[in-house]
Structure formats: C-alpha cells, structure tokens
Amino acid sequence: MSVGMAAPRAPYACDPDRSRGRLFAEPPSKTRSPFRRDCDRVIHSTAFRRLKHKTQVFVFHEGDHYRTRLSHSLEVAQIARALARQLGLDEDLTETLALAHDLGHPPFGHAGERALDACLRAHGGFDHNAQTLRVVTALEHRYPDFDGLNLTWEALEGIVKHNGPLTDRSGAAVGRYRDHGIPPGISDYVRAYDLELWSFASLEAQVAAIADDIAYDAHDIDDGLRAGLFTVDDLRIMPLTAEMIAGISKHYPDLDDGRRGAELVRELISYLIGSVVSEARGRLAAAKPTSVDDVRNHGEVLIGFSADVAQAEAEIKAFLKLHMYRHPRVMRVMGEAEQILFDLFARYQKVPGDLPAEWLPPDSRDNEAECARRIGNFIAGMTDRFALTEHQRLFDSTPDLR
C-alpha cells in the first residue's frame, strides 16, 4: 500500500455505527457520525480554547513561536490521524482523543500539575487525566440538558485509558495508580458510567497516546533549539539523530542551523510514524484481532515502537530531560510558577470569598474536601496569564516568569 493512501476500515477499528452511546441519550446527527460530533464538541469547548495560553515548556510570554498546549494538541492530532489512516482506524475518534488529551492540564505545564497535586494531596491529589474527564463530563457548561460534553463511551474510555488499564479485573489499581489508588475524578465517575478500567483501550486511543510521544520528542527538540538551550550538533550524541544530521549535512552542506533543525524535526517525525506503522502491522498480524473487543482483551498494547526504536526514543527523552526540562533557566521559571499556584490555592482556602461565586460550594466551612476540590478545578482551568493576573490582584509581588 502506498504510504499516502488510507487503509480500508479495519475490523478491529471502532465503528461509529456501533458506538455504545452516550450517558445522556441524544437524537443522532443528520450530518455527522457520533465520533465526528465528539471531535467538534471538543474543538468548540471553552477548555480547548484555553489551551492557547497554557504552557507546554515555555511560559506564553517568553516568545510567540514556542509551543503551547493548543499547538501541541494540534500536532498530536496531525500525527495521530496519519497513523489512523495507515492502520484503517476511525480518524474522527482518533482526532477527538488527540485534541482532548490535555484539556485537564493546569497552567504552567508539569510545574502546575506538581503544585496542585501537593495542594490536593489530602483529598486524592491532582491527576491531569482525571481532570480531563472532569472537564468533559462536568466542568463544561454549554448544553441545556447536561453538564460536560456528553461524549460517547468510546471517547471517554480513550481519554481515561489511553495509557493502558487502570485496574486489574478485581478492581485493584495498577501501574502509576498502584500506590495512591484511582484518582477520585475517575473512580467517582465510573460508579455511574462504567468505563471498564481493567481493559485496554481501543487502537484509536493507543494511537493518540503514541502520537503524543512523537509530538513531544519532535517539537521539544524544535523549541529547545529555538531557545538556544542546545544546538543541532549537540544532538549528535544520540545515534538516531546523529545519522539524520549526517544525512542532512550530506544533502545540504551549506544549510543554516535554523533549517537544519527544522529538517531534523521533519525527518524524526516521519521516521517515528513509519516505525510505529510497521511495528503495529506486525503485532496486529500476530494477534489477529477481529473486533475492537479483541483489542481491549488482548492483554498488551498493539500500538508501539519496536525494541530498538523504543531505545532510541528513550534516549531522546533522556537528552531533553537533561538539556531542556532540567535546564537551570526552565527550572527557575517553573519553580516560580509552582509558587504562584501554591499562593493562589492557600489564599482561596483562607478567603473563599476571593473565588467567583459559582466556584464556591454551598457551605465551604462544612465541606473542606469539596471546597479544596473546587479550588483545584478553578485553578486547573486557568490560563498562564490569568493565573498571573489573579496573583497580581491578590498579592503585592508576582514573579515575572522570564
């Protein structure tokens, strides 16, 4: 099959005509499939628009050309659609999951998540995946008959389980949730609407998850180069990127560093997409799933890197952690950003009246947990600049974050 051609719909793909439906029944759309409708609802949500001013690595005012959560999500969707097209999966559901996967992220990237997790530790902590579920099931207020977006079961499952099962068959938490249990935002919801936390998610969700990894690797290299945290030649330390850089230098010996970096990023994305398609086809041929339920019950992911590519991809992540995420400049700004959220959380707890009226629980004095969670929801929904504005309103001194 030509690389540019879409594969026919595979028997193990999610079929919108066989969707398990929505928690709140709605008449079908005359013009859109259920999964296309999901995607459109995500795009038109308030939380999606806010991603424009939420940090990826660099705070929004450090430069107009660095990635934000919005541009990252769009790049994840582009990669995810390319993978879904090659593998015969439902592109609309894949795009929905790619665009929705970061809706629950707070301001200031992972620094904001660490701060809110610490603030909410006594009340179940903060998990951006659980927060995304809250956003699409409760915190969006756009429809007259329900809170949230009333997405299909398949979309909600993919949001919650794109990184694999959360529990075993007995309900015991596994993986990253083994130590602290399933976050309340998920555990509370599945009591009303079972998302089968013990099974693997659809291939569409697995594709969205690996597209996230590919996008991170590529655009964080691009942003790190633009910020001057490292150079193209620094990336020669890794065999995969060294080979690509050598090939670029051979074909374009006089290319400037900006274009060398851009060409490297393009080649890296193409290489990783191709390797995932090849590996997935091999795993699918061996597993022989004939339905999406076969995928869910397979016992391991079917979308992934081969062992050698996984090693190369891990080396890229290790490089970025050392040279970008742990760079003194980034660490200083993120430390100050964490403190901003600590300050806001403590202030709202001490003076609940500083919260907008709609975010106050009925009686915050009698329900500490509910009050803390509402404060967490309010802060998680903030953009970087709104968090800074709120801090400036409530405190005498606010860091510049530059």
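The values are calculated or read from the model by the stated rules, or taken from the named source; none is laboratory data. Predicted model, so just to flag it, every value in this text is computed and none were measured. For neighbour counting, all protein chains shown are included, and Cβ atoms are generated from backbone atoms with ideal geometry for every residue, glycine included. Side chains are part of the model used for accessible areas, which takes the heavy atoms of the whole protein and leaves out ligands, DNA and RNA. Shrake-Rupley method; radii C 1.70, N 1.55, O 1.52, S 1.80 Å.
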Counting only residues that are surrounded by 13 or more Cβ atoms within 10 Å (Cβ to Cβ) and assigned to a helix (DSSP H, G or I), how many does region 366-397 have? 22
Residue list for region 369-402, filter: without any contact (Cβ under 8 Å) to a residue 24 or more places away in the chain and under 17 Å from H123 (Cβ atoms): E370, C371, R374
Candidate set from region 353-397 (those that are over 27 Å from F48 (Cβ atoms) and among the polar types (S, T, N, Q)); member that is modelled with the lowest pLDDT: S364
Residues in region 151-192 that are buried (at least 20 other Cβ atoms within 10 Å of the Cβ) and acidic (D, E) total 2
Enumerated helices (runs of 4 or more DSSP H) restricted to region 211-320, each holding at least 1 residues that are closer than 30 Å to E196 by Cα and open to solvent by 60 Å² or more (accessible area, probe 1.4 Å): 257-287, 292-296, 307-320
Is it the case that P352 is open to solvent by less than 60 Å² (accessible area, probe 1.4 Å) and more than 20 Å from D117 (Cα to Cα)? no
Please name all residue pairs, on different chains or six or more residues apart, with Cβ atoms under 9 Å, provided the first residue is in region 179-196 and is polar (S, T, N, Q) and the second residue is modelled with pLDDT under 95 and surrounded by fewer than 21 Cβ atoms within 10 Å (Cβ to Cβ). S187/G181
Identity of the residue in region 100-150, under 23 Å from L166 (Cα atoms) and among the hydroxyl-bearing types (S, T, Y), that ends up surrounded by the fewest Cβ atoms within 10 Å (Cβ to Cβ): T137
So R259 ticks every box in (1) modelled with pLDDT of 95 or more; (2) under 24 Å from the mean Cα position of the chain (by Cα) but one. Which box is left unticked? (2)
Could you list all residues from region 152-175 that are polar (S, T, N, Q) and free of Cβ contacts under 8 Å to residues at least 40 places away in the same chain? T167, S170
Single unsatisfied condition, A287 versus (1) within 29 Å of D168 (Cβ to Cβ); (2) in contact (Cβ under 8 Å) with a residue 24 or more places away in the chain: (2)
